[in-house]
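Reading through the structure tokens given below for one structure.
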Amino acid sequence: MKNTTMNMHDQIEEAEVNILHTYNRFPVVFERGEGCYLYDTEGKKYLDFAAGIAVSALGYHYPGYDEALQEQIGKLMHISNLYYNQPVIEAGAKLALASRMDKVFFTNSGTEAIEGALKAAKKYAYVRDGHAGHEIIAMNHSFHGRSIGALSVTGNAHYREAFEPLMGGVKFADFNDLESVKVQITDKTCAILTETVQGEGGIYPADKEFLEGLRKICDEKDILLIFDEIQCGMGRTGYYFAWQAYGVQPDIMTCAKALGSGVPVGAFVLNKKAASASLEPGDHGTTYGGNPFVCAAVSKVFSIFEKDMILTHVQELTPYLEQRLDELVEEFDCVSGRRGMGFMQGLVIVGRPVGEVVKKALEAGLLVISAGSDVLRLVPPLVITRDHVDEMIEILKKCLK
Ligand SMILES: Cc1ncc(COP(=O)(O)O)c(C=O)c1O
């Protein structure tokens with residue numbers, strides 16, 4: 001390896017030698033973060049409205065967060081799931097309380113939370129019917145992860161094509177179209193899976209009637225309803241979980257990303273019904289999942305959310321964020337609309353590639369991401385202020401001209 005005085009260009013060249021090229025990364029190497037800003041290795045400052053793809057809910061070095069992790073490193077990092085540890089007990093209790101659900105299984109990522117949720121649903125139906133061979137209904141334009149199981153329920157051919165055949169028994173329906181779900185239901189259906197707010201697909205919030213309709217179908221037919229809250233959960237919409245804004249509770253929920261606000265952790269959470277008749281000892285496991293280190297982070301995130309009223313902050317600042325984004329829709333022909341909930345917002349870009357705007361923003365010191373084919377996605381840390389919103393709008397205005 002070359003020395004650390006390499007400039008950014010050299011660092012990127014070195015990265016491309018050794019790191020498998022599965023991402024077309026932006027040409028920037030980040031070194032540190034502070035509050036809602038990131039700094040690259042050449043000292044340039046960036047306002048972060050990407051938050052590591054909706055992960056860094058508390059920004060960088062939020063008071064108390066680093067200290068909690070350092071304290072846990074000093075005590076214990078990992079012991080496996082053969083034994084109990086104090087942080088997992090605390091984190092599990094806090095996640096169960098925030099979701100008002102019953103049982104938590106901690107994973108290492110969102111993808112693994114989806115895998116676990118699918119297995120729990122399949123096992124539930126196996127217990128219910130006394131045999132395997134069940135089907136899952138998922139949504140077109142959804143995204144649930146890159147493993148074979150998660151890809152199987154991801155409704156986007158672009159991600160799937162090269163890896164077929166995937167897991168069988170998956171049918172796709174249209175998001176927000178209840179009839180398209182109904183026609184896919186058979187005696188074999190064990191679960192309906194949907195993001196509450198579609199993220200990668202282009203920031204599409206679910207309609208209330210759609211979620212209510214799914215709940216009704218699932219109750220009538222003893223099918224499990226699974227909400228993927230990996231991107232939209234943990235405060236992003238101003239509620240711990242987006243489904244709480246709709247008043248429609250799933251039987252199983254997946255979460256990750258902001259759950260640890262920077263450490264790799266996810267979870268699937270089951271209500272009583274799903275938990276009491278699905279996974280048992282021997283059915284599922286993970287070496288790392290729920291280890292003391294990541295759970296100390298999860299526990300601290302919940303403490304900070306409560307102490308500093310993060311959900312209230314998101315709810316209070318959302319109208320201002322939306323108002324300022326709507327100004328862009330008014331002012332620029334290339335911004336044809338805005339969609340979203342809370343701090344999960346998308347601007348629809350027309351007449352020019354969204355990637356071009358994202359690149360210009362980066363050059364101008366603002367991190368935003370694209371979603372779908374034409375959406376500029378804003379998923380900032382949940383601790384941004386009005387000043388950050390104003391700064392973001394000023395930079396975007398320059399980029400959209
Ligand atoms: C809704 C949704 N589900 C699942 C995943 C996969 O999560 P991870 O990348 O942590 O495996 C993502 C990631 O973007 C996501 O947005």
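Which one is surrounded by the most Cβ atoms within 10 Å (Cβ to Cβ) among residues in the range 17-29 that are under 27 Å from the mean Cα position of the chain (by Cα) and over 22 Å from LEU367 (Cα atoms)?
Here the residue is ILE19.
If you check LEU279 against the conditions, is it more than 22 Å from the chain's Cα centre (by Cα), more than 16 Å from the ligand (Cβ to nearest atom) and surrounded by fewer than 19 Cβ atoms within 10 Å (Cβ to Cβ)?
No.
Being within 16 Å of the ligand (Cβ to nearest atom), within 19 Å of the chain's Cα centre (by Cα) and surrounded by fewer than 24 Cβ atoms within 10 Å (Cβ to Cβ): is that true of PRO250 here? Can you show your working first?
Working: within 16 Å of the ligand (Cβ to nearest atom): yes; within 19 Å of the chain's Cα centre (by Cα): yes; surrounded by fewer than 24 Cβ atoms within 10 Å (Cβ to Cβ): no.
So PRO250 fails the test.
Inside the range 98-114, can you point out the residues that are near the ligand (Cβ under 10 Å from one of its atoms) and hydrophobic (A, V, I, L, M, F, W, C)?
ALA113, ILE114
Return the only residue of VAL389, VAL383, VAL329, VAL358 being closer than 23 Å to ASN156 by Cα and in the same structural domain as SER56 (by TED's automatic domain parsing).
Step by step, each of VAL389, VAL383, VAL329, VAL358 is checked, and only VAL358 is closer than 23 Å to ASN156 by Cα and in the same structural domain as SER56 (by TED's automatic domain parsing).
Failed condition for LEU69, given (1) over 20 Å from the mean Cα position of the chain (by Cα); (2) surrounded by 20 or more Cβ atoms within 10 Å (Cβ to Cβ); (3) not small (Gly, Ala, Ser), with all others met?
For LEU69, the exception is condition (2).
Yes or no: the range 115-124 includes at least one residue that is within 16 Å of the ligand (Cβ to nearest atom) and of a type in the set (Phe, Trp, Tyr).
No, that holds for no residue.
Among (1) surrounded by 14 or more Cβ atoms within 10 Å (Cβ to Cβ); (2) under 20 Å from the mean Cα position of the chain (by Cα); (3) part of a helix (DSSP H, G or I), there is one condition LEU97 misses while meeting the rest; what is its number?
Only one criterion in (1) surrounded by 14 or more Cβ atoms within 10 Å (Cβ to Cβ); (2) under 20 Å from the mean Cα position of the chain (by Cα); (3) part of a helix (DSSP H, G or I) is unmet by LEU97, namely (1).
I'm trying to understand the selection: among the residues of the range 358-383, which are surrounded by 22 or more Cβ atoms within 10 Å (Cβ to Cβ) and more than 18 Å from the chain's Cα centre (by Cα)?
Across the range 358-383, the qualifying residues are ALA361, LEU366.
Quick test for you: out of ASP228, ASP207, pick the one residue that is acidic (Asp, Glu) and touching a residue at least 60 places away in the same chain (Cβ under 8 Å).
ASP228
Can you name the residue in the range 1-13 that is within 30 Å of ASP66 (Cα to Cα) and surrounded by 10 or more Cβ atoms within 10 Å (Cβ to Cβ) and, of all such residues, is modelled with the lowest pLDDT?
MET6
For the range 302-326, how many residues meet the condition of being within 20 Å of HIS388 (Cβ to Cβ) and surrounded by 13 or more Cβ atoms within 10 Å (Cβ to Cβ)?
Number satisfying all stated conditions: 16.
Residue check: is THR189 in contact with an Asp or Glu (Cβ under 7 Å, 6 or more places away or on another chain), β-branched (Val, Ile, Thr) and not assigned by TED's automatic domain parsing to the domain that holds PHE343?
Values: in contact with an Asp or Glu (Cβ under 7 Å, 6 or more places away or on another chain): yes; β-branched (Val, Ile, Thr): yes; not assigned by TED's automatic domain parsing to the domain that holds PHE343: yes.
Taking the combined requirement at face value, the residue satisfies it.
The values are calculated or read from the model by the stated rules, or taken from the named source; none is laboratory data. Keep in mind that what you see is a predicted model, and the values were worked out from it rather than measured. Methodologically, a virtual Cβ is constructed for each residue, glycine included, from the backbone with ideal geometry; neighbour enumeration extends over all protein chains shown.
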